[in-house]
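Beneath this line is the structure, given in structure tokens, with notes to follow.
The values are calculated or read from the model by the stated rules, or taken from the named source; none is laboratory data. Predicted, not measured: the structure shown is a model, and the values here were computed from it. Note: ideal-geometry Cβ built from the backbone for every residue, glycine included; neighbour counts use all protein chains shown. Note: accessible area is taken over every heavy atom of the protein model, side chains too, but ligands, DNA and RNA are not part of it. Shrake-Rupley method; radii C 1.70, N 1.55, O 1.52, S 1.80 Å.
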Amino acid sequence: MKIRFDEMEVTVLPQFKGGEKEFAANMFFDGTNRIFKGRLIPGATIGMHTHDDSCEVIFVLEGNGTIVERSPESQEETVSPVSAGDCLYCQKGHTHSLRNTAEAGDLIFYAVVPKQ
């Protein structure tokens, strides 16, 4: 199946997952799995959330930001910078958040969230 994000409607989600500002995405959903091209404007975040029944793979296309991660074994958070070319993986049962830390320029990425 070919997915054309540029032919999809943009969905804007304010304070997504408890985050700041808004998250915009061209989103494909087949009733089980999500595949999307997302955009965070400067200062925007996807709030901390846990993947109870899925995992998530994110490939950063443009921009700079940070990912905050927390494993179920530890409540300690790890903060790492992200930039174009980075591939991020949040395992099932793990918690994460994504933030655009740039003063100018969007953080643009592809993400796949398959149910497990």
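Going by the conditions given, is Val68 β-branched (Val, Ile, Thr), on the phi < 0 side of the Ramachandran plot, open to solvent by 50 Å² or more (accessible area, probe 1.4 Å) and assigned to a strand (DSSP E or B)?
Here the answer is no, as Val68 does not meet what is asked.
I'd like to check something: does the stretch 48-61 contain any residue that is of a type in the set (Phe, Trp, Tyr), part of a strand (DSSP E or B) and open to solvent by 50 Å² or more (accessible area, probe 1.4 Å)?
Scanning the stretch 48-61 turns up at least one residue that is of a type in the set (Phe, Trp, Tyr), part of a strand (DSSP E or B) and open to solvent by 50 Å² or more (accessible area, probe 1.4 Å).
From the set of residues in the stretch 25-34 that are without any contact (Cβ under 8 Å) to a residue 24 or more places away in the chain and open to solvent by 50 Å² or more (accessible area, probe 1.4 Å), which is nearest to Ser97 (Cα to Cα)?
Checking each candidate, the answer is Met27.
Quick test of your reading of the structure: Ser80 fulfils all but one of (1) surrounded by 15 or more Cβ atoms within 10 Å (Cβ to Cβ); (2) outside any loop (DSSP other than H, G, I, E, B). Name the failing condition by number.
Unmet for Ser80, out of (1) surrounded by 15 or more Cβ atoms within 10 Å (Cβ to Cβ); (2) outside any loop (DSSP other than H, G, I, E, B): (1).
Within the stretch 91-114, is even one residue of a type in the set (Lys, Arg), within 27 Å of Met1 (Cα to Cα) and assigned to a loop (DSSP other than H, G, I, E, B)?
Yes: the stretch 91-114 contains one or more residues that are of a type in the set (Lys, Arg), within 27 Å of Met1 (Cα to Cα) and assigned to a loop (DSSP other than H, G, I, E, B).
Working only within the stretch 18-34, note down all residues that are of a type in the set (Lys, Arg), closer than 15 Å to Met48 by Cα and touching a Phe, Trp or Tyr at 6+ places or on another chain (Cβ under 8 Å).
Result: no residue meets the conditions.
Let's see how each residue does on (1) touching a strand residue (DSSP E or B) at 6+ places or on another chain (Cβ under 6 Å); (2) in contact (Cβ under 8 Å) with a residue 24 or more places away in the chain; (3) closer than 17 Å to Val113 by Cα:
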| residue | (1), (2), (3) |
| --- | --- |
| Val10 | yes, no, no |
| Lys17 | yes, yes, yes |
| Phe23 | yes, no, yes |
| Phe36 | yes, yes, yes |
| Ser54 | yes, yes, yes |
| Gly63 | yes, yes, no |
| Thr66 | yes, yes, no |
